[in-house]
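The values are calculated or read from the model by the stated rules, or taken from the named source; none is laboratory data. These numbers were taken from a predicted model, which means no experiment stands behind them. Cβ coordinates were reconstructed from backbone atoms using ideal geometry, including for glycine residues, and neighbour counts include every protein chain displayed. Surface areas here come from the heavy atoms of the whole protein model, side chains and all, with no ligands, DNA or RNA. Shrake-Rupley method; radii C 1.70, N 1.55, O 1.52, S 1.80 Å.
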Amino acid sequence: MAALRAVLGCRGAPAPRPPPGQSRGAAGGLLQRLGRWFYEVEAAAAWGERLQRNRLRSKNAYCGFLRDTYGDNVVAAVFTLSCGGGVRFEGQERWIRPENLWRPEVLRLRDVPVVALDLSGTPLNYNGLDNLVPLTRLQHLDLSGCPHLDDWALGRLHVFGDSLRELSVARCPRVTERGLATLHHLRELRRLDVAGVRVPSPGLVRILLEEMLPGCQVLGMDLGDGTGTDSPPPPGGEKPPA
């Protein structure tokens, strides 16, 4: 009986508590592990950002090693194709794309001016334009959906003022009305696509673009949006009578 009471007493007894120092040590170890984990996550994120910047810099590097041998047209074509874009030379109806066997063809057309570039959706940025600005006969330039194209890059397009006729900067998230204002140098422009460019007053910006570029068809930005010419509808949903 005494042995049974001893066994039952052991089962009902609370578990022994660890010494105070040992408990604090376990919590401290957990905090140290969490701290190391957060540091490793932060370091990994910083490394990823540096890798992305390096890749972007590499993608937009100047192909100057080709210039002395093959000229500016080949430099622009090779850069565009390496970004995944397309190029068209003067007198050619077909676009040259990266999936084609483009290298021999590009070199064969080395003395033919580049007249059209499709860089839509590519990682082109301000530095990458170094490969394009020497072109003197460029007429068509599609930069739509370029995530790294900004106002400073648009300011460099003034060099195409005597040749460029069609330009698209649609859906470029870093382009604002300040960058669009720099396009007044493009005197020969006949078509400008600015659809999806975020500006405070799209209708007003479109009016200013049309005044700034007479003879140019501006696509995108509703004229009735943000100009202040229309009265807001009443709560019933209809406009007040005139």
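Here's the yes/no breakdown for (1) out of contact with any strand residue (DSSP E or B) (no Cβ under 9 Å at 6 or more places or on another chain); (2) modelled with pLDDT of 90 or more; (3) of a type in the set (Gly, Ala, Ser):
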| residue | (1), (2), (3) |
| --- | --- |
| Trp102 | no, no, no |
| Leu107 | yes, no, no |
| Asp118 | no, yes, no |
| Asn127 | yes, yes, no |
| Asn131 | yes, yes, no |
| Gln139 | no, yes, no |
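Residues in the range 139-155: is at least one surrounded by fewer than 19 Cβ atoms within 10 Å (Cβ to Cβ), among the charged types (D, E, K, R) and closer than 23 Å to Leu66 by Cα? No, every residue in the range 139-155 fails to be surrounded by fewer than 19 Cβ atoms within 10 Å (Cβ to Cβ), among the charged types (D, E, K, R) and closer than 23 Å to Leu66 by Cα.
Output the residues belonging to the range 167-196 that are assigned to a loop (DSSP other than H, G, I, E, B) and open to solvent by 10 Å² or more (accessible area, probe 1.4 Å).
Of the range 167-196, the ones assigned to a loop (DSSP other than H, G, I, E, B) are 169-173, 175-176, 186-190, 194-196.
Selection gives Arg171, Pro173, Thr176, Arg187, Glu188, Arg190, Ala195, Gly196.
Checked against (1) surrounded by fewer than 21 Cβ atoms within 10 Å (Cβ to Cβ); (2) out of contact with any His (no Cβ under 7 Å at 6 or more places or on another chain); (3) outside any loop (DSSP other than H, G, I, E, B); (4) aliphatic (A, V, I, L, M), Val133 passes all but a single condition, namely (3). Leu164 falls short on exactly one of the conditions (1) open to solvent by less than 30 Å² (accessible area, probe 1.4 Å); (2) in a loop (DSSP other than H, G, I, E, B); (3) in contact with a Ser or Thr (Cβ under 9 Å, 6 or more places away or on another chain), and that condition is (3).
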